[in-house]
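The values are calculated or read from the model by the stated rules, or taken from the named source; none is laboratory data. Worth saying up front: this structure is predicted, and the values here are computed from it rather than measured. FYI the Cβ positions are ideal-geometry reconstructions off the backbone, even for glycines, and counts take in every protein chain you see. Heavy atoms of the whole protein, side chains included, go into the accessibility calculation; ligands, DNA and RNA do not. Shrake-Rupley method; radii C 1.70, N 1.55, O 1.52, S 1.80 Å.
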Amino acid sequence: MKNNDLYYNKEIETMDRGDLDSLIDEKVKYTIKYAYENSKFYKKWFDKNKIEIKSIKTHEDLKELPIITGDTIKKNQPPPATNFSTLNLQKIRI
């Protein structure tokens, strides 16, 4: 087995702990901002809990957030789509 076969993403998996924490923090900030700006559920949840998304700066800050249960998420699901032909594919980005 070659050494490169040991890793899915060697650059990230062998990163210094401080650099890895910085990368995780960057991804957390992006994800929180994205959720707030693109999800009615999360925008409402952050606002209801008086959470300023800019106050979430590290992955450690996530520990301070109220728990969102699976039941809460289930209760707040959008109604099922019955006609997918009406989706605006221009808004979908992969």
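Remarks
- A count restricted to segment 15-36 and to residues that are β-branched (Val, Ile, Thr) and open to solvent by less than 40 Å² (accessible area, probe 1.4 Å) stands at 2.
- Against the list (1) loosely packed, with under 13 Cβ neighbours inside 10 Å; (2) of a type outside the set (S, T, N, Q); (3) under 16 Å from the mean Cα position of the chain (by Cα), the condition Leu65 fails is (1).
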